[in-house]
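One structure below.
The values are calculated or read from the model by the stated rules, or taken from the named source; none is laboratory data. Model, not experiment: these values are computed from the prediction. Counting neighbours? That spans all protein chains shown, and the Cβs are built from the backbone with ideal geometry, glycine included.
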Amino acid sequence: MSEIKALISEIGNITNEIKRLNKQKLKLSNRKKVLDQKIIDYLENTDKKGVKYKGTSVVAKGKRGRKKKKQKEQDAASVLKKYGVINSDKIMREVMEAMKV
């Protein structure tokens, strides 16, 4: 029984350490985003495509936003209509429902 208690205690300690490290990682990730944005702003202001420093190169590239679920469904339905599929909206809903399973 004492072995089980020790194992449970160790799991608790590991869980707490993971939580602590995740908080630290979140802070570092947020700081990295801020620094990346500052570099991108600099590149845009100076009309440069990129910059290289000590073997590390940074290239400004645009971010693509994600499509919302409704937009994805509309785009897929329009592709089906383009190729002559009848009832493309109904088929699209069935396909999306099948993908959930």
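Being closer than 30 Å to residue 37 by Cα and either charged (D, E, K, R) or touching a helix residue (DSSP H, G or I) at 6+ places or on another chain (Cβ under 7 Å) (or both) narrows it down to one of 76, 60, so name that one.
60 is the lone residue from the list that is closer than 30 Å to residue 37 by Cα and either charged (D, E, K, R) or touching a helix residue (DSSP H, G or I) at 6+ places or on another chain (Cβ under 7 Å) (or both).
All but one of (1) of a type in the set (Ser, Thr, Tyr); (2) modelled with pLDDT of 85 or more; (3) not in a helix (DSSP H, G or I) hold for residue 57; state the number of the condition that does not hold.
(2)
Can you name the condition, by its number, that residue 88 falls short on among (1) modelled with pLDDT under 85; (2) surrounded by fewer than 11 Cβ atoms within 10 Å (Cβ to Cβ); (3) among the small types (Gly, Ala, Ser)?
Failing condition for residue 88: (2).
Does residue 25 satisfy the condition of being outside any helix (DSSP H, G or I), at negative phi and surrounded by 10 or more Cβ atoms within 10 Å (Cβ to Cβ)?
Considered against the rule, which asks whether it is outside any helix (DSSP H, G or I), at negative phi and surrounded by 10 or more Cβ atoms within 10 Å (Cβ to Cβ), residue 25 comes out as no.
Only residues in the stretch 64-87 that are free of Cβ contacts under 8 Å to residues at least 60 places away in the same chain count as the first member; pair them with residues that are surrounded by 10 or more Cβ atoms within 10 Å (Cβ to Cβ) and of a type in the set (Asp, Glu), Cβ under 7 angstrom, at least 6 apart or cross-chain, and list the lot.
77/89
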